[in-house]
Structures are given as C-alpha cells and as structure tokens.
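**Student:** The structure follows.
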Amino acid sequence: MRLTTKQRAAIETVNGHLGIVACAGSGKTEVIAQRVVNLLRQPGVEPRNIVAFTFTERAAAELKQRIFSRVREQLGDVRGLAELFVGTMHGYALNLLQSHVPETFKCTVLSEVQSRVLIDRNSKSSGLTNTYIRSTGKPPRKMKRYRESRLYQRAMDLMREDHVDIDQLPADVVDGLNAYRMLLRRHHYLDYTEIIRLTADLLLPPSSTAATAAAPVVNLRDHVRETVQHVVVDEYQDTNPVQEQMIKGLTQFGANLCVVGDDDQTIYQWRGSAVSNILTFASRYTGAKIVDLNENFRSSPAVVDLARQVVERIDPSHRLTKSMTASGHQRYDRGDLLALAFKSPQEEAAGICDRIEWMLGLPFIDRPGGEPRGLTYSDFSVLFRSVAKDADALVAEMRARGIPYIIKGLHRLFETPEVKAAKSCFDYIADTVDSSAVIAAWLDAQLGLREEDLRRGIKILDDARGWTQGTPWDTYTIQGIYQRFLGEIGLREDHLEASIGPQRSELAFYNLGRFSTAIGDYERIHFLSSPPDRFTTFAKWLEYQAGYYYEESDADDGYAQPEAVTIATVHQAKGMQWPAVFIPCMRSNRFPSKKHGGLNVFHVVPQAAVSDADRYRGSEEDERRLFYVAATRAQKYLTLSFSPGTSQLYRKESKFFVEATRNTYVMTKAPTVPDESTLNRIEPTPAGSKPDIVFSFSELKYLFECPYQFKLRFLYGFDSPLQKELGYGKSLHDVMAEVHKRAVKGDIVNDTEVEGLVDRHLHAPFAPDPLKQKLRLAAIRAVRRYLTENRSRLPWTEHSELPVEVHLTPGVAVAGRIDLIRRLDTGEQSIVDYKSDERAHAEEVTRDQLHIYVAGYEELSGNRADVVEILNLDERSRSVREPVDDVLMKDIADKIAEAGDRIRRNDMPRKTTWCDTCATCDFSSICRDRPTSP
DNA sequence: TGCGTAAGCCTTTTT
DNA sequence: GGCTTACGCA
C-alpha cells in the first residue's frame, strides 16, 4: 500500500504526544499498525512497552493481526511480540488489578445483566430502595425493585464514569453509590465500570485520598512507570471521563500518547463519551502534534460529498474543522445514490429487496487496479436507526423471498416460541400454570415433539417441585433441571434436523442456548437461595425482566461470515464497510430521533452535579454524526428511503432525507436501464476476506475434544450447571501463580505462609460453609505437598503465568497463558500445566495444548523447550512428564488451521459414537443417548 | 403565529 | 408517569 504524506507523517512521529484525526475510510488501522512497527524500531522500545486500546474485542483482533503481519514483513521475527498489549481498556485494567491489587484477586466480572440481577436480589443493601426519584413538581419517592433497577444501574455507572460534584448530590444518592460499591466488594465482584474506576483512581488518586495510597498501589504505579512507554488509543472520540483519567494515569510518568479518532463519528455520548476529549486534546497534552487524515479511500466521490454535506451543517465550533476528500478508486455512476419515498413500509421493503436482487452480479472492484467480481448478498447491508422498532417489514419480505440475512441488534428473544415453551416449564414449577399449558407451549413451537415425550419431561419438573428441606440444593439447579428436561423430551439436534430441517433446528437450538445463558446469569447471583425461592423468583424474573436483555440473532456467531445481507443498527456498523448500503425508514422523529420523555438518570443524579450533563440527552447534531457514520459505510451504492410509519409521529419524511434529495448526486428515482447487457453482470462472488479468529486455549481445548460441545457452549450459549466446588481449581491456580511469581524474584514461600496464601486466593462462592472448610483444607494440603516435593526446584522457576500468542497459521491466532516454565534437575527447560481435579480435559488434549505452549514460548523467546509436564495437584492423580514431540509440533499447525476452517464453515458435527468425552460432558443429555450397558 | 391541550411514545449498547 | 410533538383554535 502506498502511503500519503500525511499518513507517513503520522507513522513517523514516534516522539511526543500525537493526535491523529482520521476521517472515515482514511486507512487508520494501517497507519496505527505501521506506526507500531516504527515504535519497535526505536532503541530501548520492546513490545511490552507498548499498549494499544481499541473500543471492542473485535477491533482488537483485527488490529492485532495487522500489527503482527506488518511487524513480520518489516522486522522479521520479533522477540516478545505477544507482550505487546492490543485490547480493550477493560481488559488491560483488569489485568493490572488482578496482578497488583490483592483485594481484586478473587473477583469475578459481572455482565450488565448479572449486576442488575444482583441489585434486584439485594434491593436494600444495593441502595436501590433507599434512593429517591426526584421529578419536577412532585414529592421525591423511593425507587422500586425490578421496575427501576435499570435506571439505578445507569445512575451508578454515571457517577463512577463522569466528573460528579459530590457536594451537589443528595445524601441518599451518595449513600446508594457507597452501598452498591460495598456490595460488589463484599461478594468479590467487579462490574465493567468499577474495573476502570478503580484503576484510574489507583493510577491518579483523587486529591482527597492521595495520602492513603497503600503498598500494592505503589506496585501498580511502579509497574506502569517501568513498562509503559507508548500508549495508543483508537476511537478516542468515544472515551468517557474515567477512561480519560486512566489514560492520563498511564502516561503520567512520561509515556508518549497517541490518540486516533474522528469527532464526527462520536456516537456514544448517551453513554457518557465526551467529544470534548478529542476537541481539547491538543491543549491538554502539551507539545502534542496533530495530523489530519482527511483522505477517504473507501467511498466514491458522491458518497463523500453527501457525507460532508451531512456533517458540515454541525455548528463549526462543535467540530474540528477538516474537509474529507474522496481519494479512492471507486467511481460514481448515475443512480448509485438514491433517495426513494414509498407509500408503505411493505412497499419500501419490497423496493429494497428488488434493488438487492437487481444488483446481484454487478461488477465491483475491491482494490485499486483489482479485477472486478460480481456483487453477492454479503456485499449489502441495511442500517436502521432502530432495528427493534423498524426492521419487521423488511425481515418479513426477505424471509418471503428467500434472501439470506443476519440481524444484529437487541431483539425480542423471549418472544420466540421455543423460548416461550422453555419459560412455561418454570411457570409450572412456580405453580402458576398447569402441565397442559407446558405441553401446549412446546407443541406450539412445532419442533416435531410428541405429547408422550413431553409427559416424560413433566416428571422431571415434578421432581423439582418436590424439593424438601434438607436435600442438597445443588441437585436442583435451574440449569440442571432445564437440561435434564430437554434431554428427557428428546430435544436434540439430530432429532430436530430430521423432523423440521437443519435451518429451523439450528435457530431453535440457538434460542434455547441463549435461554441457558440467561439461566446462568440469574443462577450465579441467586446461588444462595433455597431451590423453591430460586425457581419462583426465576419465573418472575423471566416474566418481568429478562425479556429486554438478550439478543436474538441466529446465523451470526462472530466467526463465520455467512453469505447473507447484514441487517444492523447504525451503531453496530461502526468500523465496517460494504459496497452497497441501505438506510431505510428515514422518518421524522425517528432519524433524527426525537427527544424522549419519561424517567431518566437525571431524576436520580441531579443534573447540576454533572459537568456537561447535556451531552447525555442527545441533540440533532449527535444524530447527524450518526447519519454520517451510516452513510460513510458505503463504498459505492447508497440508498436512502422513506415510508410513513403507522403512528402519526412517524408519518413525515426525515429532515436528513429531505436534505439528501438536494444533493446533486442523489436521484429520487432509480434510472431505467434500457439494455440490461450494458451492465456486464458477472458471477456473484464473495469478497473472500476471511475474518481473523483469536482462540483462547480453553476454547481450543473444547474444540479439539469435541467440536459439537464447542458449538453448544460457545455458539449456542449453553451453560454448564453450577457446581458447588466451582472456583476451587482457579483458586489453587492463583495460589501457585503467586508462589512462582515470588520464586522468580528469589522469594521462596515457606510452610507457615501457606494458610495465608490460600485464604488470600480461595474463592468458592457456591460452596456451603462445611464444604468451604473442606476445600480450604484440601488446598492447604495440596500446596504444602507441592512445596515439599518441589522446594529445591523453586529457585529455577523462570516464568509464571506467561502470556503467549501463537501464529502458526494465517488468520488464526491462539492466545493464552503458560502456567509455569522451569528448569528441571537435568537442566532441561520444561513447560508446565497444573491440573487440580479429575474432571479436567483428557490427557491427549492437554498434550496438544502443551505443544501449542511450546510453540508460543518459542515465538515469544526464540527458545524451544525440552520437556512438557502436567503437574497434578490432586494427590490421587498421576503427573506426566515427557519430551517435546517434534512430530506433534509439526501436526499442531495443521490442527489449528483445521479448527479455524471448521469454525468458518460452521462445521462442528456431533461425534458418531459415545466416547470418553461424552462420559464427562455436561451436555450429553441434549446430544445423545447414554449407552445402557457400558 | 401563538398558545393551550391532549395524544402518544418511552432508541442506540461496548466492556 | 414524564415529556415532546402535533394539532386545533383564536
């Protein structure tokens, strides 16, 4: 790729702070990657000195891959490249906390849904029901459980993410925040916001607490001072105030900061992101150099012109002045840009489908000087302001015509018939419906089930109803009952495929898998409640809460790139591009969206306490930026359309739509083509860009062991039933990690420290007290035994918890941590994995894993280890020690490549027969029959 | 054009 | 329950 002068300037600026203002399609990923290469050329800069943040994990995978290939091309093999951090700020911060701040060692991270369940379950001690809502002209009233937990959660987020003046907050709100944070702490939880807040405060203590900074904080700050030399922040326009504090904290010791962003693409201000961060960057970081990348290489001149028109109507004092120019190879042909008005949503949907079908096979050139290929379904996307509200007509039309599509965006999962049926099981257990309702619901889902099958299932549910005091609760987990029920009624993919076909079967399983995820979210928080309570409150939660939380989307697993039209919200389209983009339903009050009434977070947190609170409310300018993002996704074809909605609010054309019709490139009617042959249609062919895959070691282990188990777990979302002992293995692991980390520094743990060590790390949240004691003693014994047997070797510990990444095959990376690298008495180097229970993976799979580690360590250090070991911490199980197998090393690359291909092809078949893996698999009941005689 | 009233709706979502 | 928008009336 040839670089422009400005791109080169950005790449070559390696000293001092740098702000890159990069318009849509300006090749910023490439610029970031090449700049990183240049940083690595600097004397004294190692990969571990560079930290690069992206907004999403997906963007991280892409950037990482790009950096790796540029480094390989330009610098060859670079030692320690896996230590270059590319990921989200949350990921980095969590790492930092869990390796330096002991109070967070045991913590697990709650998803948004889980933290809301936590708030509702602890409605009082979370502060929810003691906090007031203050509406204008009304006396303040307390917040309500379930009803307002979402709002409360937003208030909790806002106060930790933004600059809030404590003195301006009512006492109950301050108490609420403290209560919620105490609740998290007491249960060893972190939520997403807390991760960043804690890190930011430890790095840059707010002045009032500066004096109390304790030892671990010094450690963390020292670590940052010693390692961080360069910080790169992508999508800087969407950072919020805490994130900015954390960035400042990371660079306070003299590291160089490079921010990359585009103020015109700020689309998360309703979540607190502050455009002001990028607008005032140059004045806040002294000596910062600013480079504008205003050449758009993605889109045709017409698309660029329209996009400019959209965004140049924003008040200039609210933007960085810049003028995007079209510099790519896409040509404009008349009819590429359309603004079409239809009479009804149905006609609009039909019009879009007509146009897609008509455009199939039109020649399209991906790269300058490249060969044309024919447009295919995956070259189209339809971007809605709100998928949930507006996409129904289009989905119906596409389904009717057989146009393949994938939907992204929150949808109503709980309205699908199979999930309604699953839900009815818990209504039955809660005794709000009778068994005939359950049977009717399942038959209604049309999954080819027979009534007699369902009668067998009802017996399982009766069993759950019959719980009596004294029965161990863990025989009655919601998850366990759910999966036993599914197994008992014969709900298995092989049965379903035979009766209703593979497509419907896959969708049903996907939805039932999501339901399993929902159960897991709920049950992890409610593990302490007795089974009857758990089941009835779960039924209520499903009824009133869960419906809004989960996404419905079948064909998209994030790995495979299906041959289908993408239907998505504008927000989700950020960072993507398509040859042809449709933006339908451009109605007044929808896009730009009208302001919304009702309760909002400022009824809890007074607006006066928040600086620049207005940005949360959303303005026409914000909507303009959103429209700009939507339009600039198009490479060549852009079709805007309007049809009146059913309610009077949405009957008129959008202001943006009307503006667009005034653009000279835009036609309000598609040109007729007198002679089809002039279009030179060619065979539709997908662009063939394979998405990059990053596996974790544990994912890969599941995939090696049984591809179908991987599919059930990671693609459909089936969750394992909770085990009382859960957390023991990880705790023991963490203890060993501390032992070895200290050993690396020459500090050998002695026997008297073992108890303290175990107490610091042991966290088994689902274990009742007697079991907790048992686990504690078991852990102490295991660690003592280990120390006795290995004390003489501890000084030869070389690494503990070493992050590695393996790139044995293009497009597929495997990332993980090596438990331990040590020298043996023979002087040989050994790579070690610990095991702590019998339920661990088969030896053969662990052997594969260890050989991947060997490859990873070789990539990182240039050294090939001699031996691999499986150290079993459980007394009764044996350990394994064997030489690195060169044949296996050769095969492993092929195995990884094959795994990647499987994922991309969605080829994860069931095993043909019952095997050892099935015997320990959590999901065997929804997969196959257990053989009657072994 | 200005004002008062009543109808209608209550996104977007990453970590 | 709250707030914005549309609309009717002067």
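The values are calculated or read from the model by the stated rules, or taken from the named source; none is laboratory data. None of these values were measured; they are calculated from a predicted model. Here the Cβ positions follow ideal geometry from the backbone for every residue, glycine too, while neighbour counts run over all protein chains shown. Only protein heavy atoms, including side chains, enter the accessible area calculation; ligands, DNA and RNA are left aside. Shrake-Rupley method; radii C 1.70, N 1.55, O 1.52, S 1.80 Å.
**Student:** Considering the stretch A:567-591 alone, what residues qualify as being within 12 Å of A:VAL382 (Cα to Cα) and assigned to a strand (DSSP E or B)?
**Tutor:** Matches in the stretch A:567-591: A:ILE567, A:ALA568, A:THR569, A:TRP578, A:PRO579, A:ALA580, A:VAL581, A:PHE582, A:ILE583.
**Student:** Could I ask something else about it? Determine whether A:ILE926 is of a type in the set (Val, Ile, Thr), out of contact with any strand residue (DSSP E or B) (no Cβ under 8 Å at 6 or more places or on another chain) and in contact (Cβ under 8 Å) with a residue 24 or more places away in the chain.
**Tutor:** Criteria met by A:ILE926.
**Student:** In addition: From the set of residues in the stretch A:124-137 that are within 9 Å of DNA strand C (Cβ to nearest atom) and exposed (fewer than 15 other Cβ atoms within 10 Å of the Cβ), which is nearest to A:VAL605 (Cα to Cα)?
**Tutor:** So, considering only residues that are within 9 Å of DNA strand C (Cβ to nearest atom) and exposed (fewer than 15 other Cβ atoms within 10 Å of the Cβ), the one nearest to A:VAL605 (Cα to Cα) is A:SER135.
**Student:** Within the stretch A:17-73, can you find the residues that are part of a loop (DSSP other than H, G, I, E, B) and open to solvent by less than 20 Å² (accessible area, probe 1.4 Å)?
**Tutor:** Correct list: A:CYS23, A:ALA24, A:GLY25, A:SER26, A:VAL45.
**Student:** OK, next. Taking the residues in the stretch A:76-113 that are within 16 Å of DNA strand B (Cβ to nearest atom), touching a residue at least 40 places away in the same chain (Cβ under 8 Å) and among the aliphatic types (A, V, I, L, M) as candidates, determine which candidate is surrounded by the fewest Cβ atoms within 10 Å (Cβ to Cβ).
**Tutor:** If we take residues in the stretch A:76-113 being within 16 Å of DNA strand B (Cβ to nearest atom), touching a residue at least 40 places away in the same chain (Cβ under 8 Å) and among the aliphatic types (A, V, I, L, M), then A:VAL109 is surrounded by the fewest Cβ atoms within 10 Å (Cβ to Cβ).
**Student:** Turning to a different aspect of this structure: Could you check how many residues of the stretch A:643-671 are of a type in the set (Phe, Trp, Tyr) and either more than 16 Å from DNA strand B (Cβ to nearest atom) or surrounded by fewer than 19 Cβ atoms within 10 Å (Cβ to Cβ) (or both)?
**Tutor:** Residues in the stretch A:643-671 being of a type in the set (Phe, Trp, Tyr) and either more than 16 Å from DNA strand B (Cβ to nearest atom) or surrounded by fewer than 19 Cβ atoms within 10 Å (Cβ to Cβ) (or both): 2 in total.
**Student:** While we're on this one: Among the candidates A:THR917, A:THR912, which residue alone is part of a loop (DSSP other than H, G, I, E, B) and either within 25 Å of A:ILE818 (Cα to Cα) or open to solvent by 50 Å² or more (accessible area, probe 1.4 Å) (or both)?
**Tutor:** Only one candidate passes the filter, namely A:THR912.
**Student:** Right, here's the next one. Filter the stretch A:14-49 down to the residues that are out of contact with any helix residue (DSSP H, G or I) (no Cβ under 6 Å at 6 or more places or on another chain) and within 15 Å of A:ARG298 (Cα to Cα) and list them by number.
**Tutor:** A:CYS23, A:ALA24, A:GLY25, A:SER26, A:GLY27, A:LYS28, A:GLU30
**Student:** Given the structure, is A:ARG313 within 16 Å of DNA strand C (Cβ to nearest atom), touching a helix residue (DSSP H, G or I) at 6+ places or on another chain (Cβ under 8 Å), of a type outside the set (A, V, I, L, M, F, W, C) and under 21 Å from A:GLU659 (Cα atoms)?
**Tutor:** no
Residues are listed down the side, and each one gets a yes or a no for (1) within 16 Å of DNA strand C (Cβ to nearest atom); (2) open to solvent by less than 10 Å² (accessible area, probe 1.4 Å); (3) more than 22 Å from A:LYS655 (Cα to Cα):
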residue: A:ILE567; (1), (2), (3): no, yes, yes
residue: A:GLY597; (1), (2), (3): yes, no, no
residue: A:VAL604; (1), (2), (3): yes, yes, yes
residue: A:THR632; (1), (2), (3): no, yes, no
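**Student:** Scan the stretch A:114-123 and tell me whether some residue there is within 16 Å of DNA strand C (Cβ to nearest atom), surrounded by 15 or more Cβ atoms within 10 Å (Cβ to Cβ) and either of a type outside the set (A, V, I, L, M) or assigned to a loop (DSSP other than H, G, I, E, B) (or both).
**Tutor:** no
**Student:** Hey, A:MET359 hits all of (1) open to solvent by 10 Å² or more (accessible area, probe 1.4 Å); (2) more than 16 Å from DNA strand C (Cβ to nearest atom) but one; which does it fall short on?
**Tutor:** Of the numbered conditions (1) open to solvent by 10 Å² or more (accessible area, probe 1.4 Å); (2) more than 16 Å from DNA strand C (Cβ to nearest atom), the odd one out for A:MET359 is (1).
**Student:** Further, regarding this structure: I'd like to know if the stretch A:125-140 contains one or more residues that are part of a helix (DSSP H, G or I), hydrophobic (A, V, I, L, M, F, W, C) and closer than 30 Å to A:HIS763 by Cβ.
**Tutor:** Yes, the stretch A:125-140 contains at least one residue that is part of a helix (DSSP H, G or I), hydrophobic (A, V, I, L, M, F, W, C) and closer than 30 Å to A:HIS763 by Cβ.
Here is a yes/no grid of residues against (1) open to solvent by 10 Å² or more (accessible area, probe 1.4 Å); (2) at pLDDT below 95; (3) under 24 Å from A:PHE657 (Cβ atoms); (4) assigned by TED's automatic domain parsing to the domain that holds A:TYR332:
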position: A:CYS258; (1), (2), (3), (4): no, no, no, no
position: A:ALA288; (1), (2), (3), (4): yes, yes, no, no
position: A:ALA302; (1), (2), (3), (4): no, no, yes, no
position: A:LEU306; (1), (2), (3), (4): no, no, yes, no
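**Student:** Further question on the same structure: Return only the number of the condition from (1) modelled with pLDDT under 85; (2) more than 25 Å from A:ASN240 (Cα to Cα) that A:VAL113 does not satisfy.
**Tutor:** (2)
**Student:** State whether one or more residues within the stretch A:656-672 are under 30 Å from A:GLU563 (Cα atoms), aliphatic (A, V, I, L, M), under 37 Å from the mean Cα position of the chain (by Cα) and not in a helix (DSSP H, G or I).
**Tutor:** no
**Student:** Looking only at helices (runs of 4 or more DSSP H) that lie completely in the stretch A:222-292, which have at least 2 residues being touching a helix residue (DSSP H, G or I) at 6+ places or on another chain (Cβ under 6 Å)?
**Tutor:** Helices (runs of 4 or more DSSP H) meeting the threshold: A:241-251, A:275-279.
**Student:** From A:GLN607, A:GLN635, grab the single residue that is farther than 30 Å from A:TYR152 by Cα and either away from DNA strand B (no atom under 12 Å from the Cβ) or assigned by TED's automatic domain parsing to the domain that holds A:ASP262 (or both).
**Tutor:** The conditions single out A:GLN635.
**Student:** Against the definition (open to solvent by 30 Å² or more (accessible area, probe 1.4 Å) and among the aliphatic types (A, V, I, L, M)), how does A:VAL806 come out, yes or no?
**Tutor:** no
**Student:** Right, something else. Please state which of the following conditions A:PRO721 fails to meet, knowing it meets all the rest: (1) modelled with pLDDT of 90 or more; (2) touching a Ser or Thr at 6+ places or on another chain (Cβ under 8 Å).
**Tutor:** Result: A:PRO721 fails condition (1) only.
**Student:** Any idea which of A:GLU397, A:GLU415 is within 16 Å of DNA strand B (Cβ to nearest atom) and open to solvent by 20 Å² or more (accessible area, probe 1.4 Å)?
**Tutor:** Being within 16 Å of DNA strand B (Cβ to nearest atom) and open to solvent by 20 Å² or more (accessible area, probe 1.4 Å) holds for just one of A:GLU397, A:GLU415, which is A:GLU415.
**Student:** Taking the residues in the stretch A:450-479 that are open to solvent by less than 30 Å² (accessible area, probe 1.4 Å) and either β-branched (Val, Ile, Thr) or modelled with pLDDT under 90 (or both) as candidates, determine which candidate is farthest from A:GLY520 (Cα to Cα).
**Tutor:** Only one residue tops the list, namely A:ILE458.
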